[in-house]
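The values are calculated or read from the model by the stated rules, or taken from the named source; none is laboratory data. All figures in this text were calculated on a predicted structure; none of them were measured in a lab. Here Cβ is always computed from backbone atoms with ideal geometry, including for glycine, and neighbour counts include all displayed protein chains.
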Amino acid sequence: MKTKVFTYLLLAFALTTFGQSSNTNTSSKVSIKTNFSFQAIKAYQESAVFKIEDYYDYLELYANASTSDTLQQQVKVAIYNLFVEAQPKVIDFTSSENKPIPLNKLLDKIKKKNYTFNLTKVENSIVAADFWTTKYNLEINEGNQRCSIEVFSKVIFKPIEKQFGSTTKEVWTLFLGGME
């Protein structure tokens with residue numbers, strides 16, 4: 001009887017250990033902390049702030065009344081390329097509620113409205129498996145009207161396969177996620 005119980009416990013322990021180890025190998029491949037040092041993560045977080053600033057620079061260019069339709073279309077493509085999702089949710093700073101809306105609706109609202117933006121008080125959160133959150137104050141100017149809101153942007157850092165000639169290589173890339 002003791003031998004059977006001992007055998008079952010040993011078998012259960014072995015299966016649990018095997019299951020956990022195979023799961024760990026899969027998830028560690030996409031885990032930021034297991035692939036990068038603390039200093040490297042900090043550098044990528046600083047780089048992510050530039051990506052957020054790029055987003056608002058593109059929005060300024062897109063919203064500028066003197067931007068041609070051809071350039072607006074190119075800027076729109078560049079804006080969408082910053083995001084991991086095809087239809088990201090972003091902050092609707094044009095309304096007093098500042099709720100997330102689809103990016104395409106925000107672009108329709110700001111077209112030819114001459115918005116300008118400034119980011120202040122930027123802070124990065126603790127890193128999760130494949131993302132972190134960047135908090136910042138966004139100053140929005142439209143003509144003589146100014147307002148400031150607090151925004152939380154999810155920054156996703158994940159490996160993607162890139163083609164370099166005939167060679168394929170895994171490259172870790174920063175993308176913007178949703179905003180609140």
How many of the residues making up region 24-34 are under 18 Å from the mean Cα position of the chain (by Cα) and either modelled with pLDDT of 80 or more or of a type in the set (Phe, Trp, Tyr) (or both)? 3
Among the residues of region 138-152, count how many are within 27 Å of LYS33 (Cα to Cα) and touching an Asp or Glu at 6+ places or on another chain (Cβ under 6 Å). 1
Residues that are touching a residue at least 60 places away in the same chain (Cβ under 8 Å) and not in a loop (DSSP other than H, G, I, E, B), drawn from region 119-130: LEU119, VAL122, ASN124
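In the set ASP69, ASP92, which member is in contact with a helix residue (DSSP H, G or I) (Cβ under 8 Å, 6 or more places away or on another chain), more than 17 Å from GLY143 (Cβ to Cβ) and modelled with pLDDT under 95?
It is ASP92.
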Determine if region 71-78 includes at least one residue that is of a type in the set (Lys, Arg), surrounded by 11 or more Cβ atoms within 10 Å (Cβ to Cβ), in contact with a Ser or Thr (Cβ under 9 Å, 6 or more places away or on another chain) and within 19 Å of ASP57 (Cβ to Cβ). no
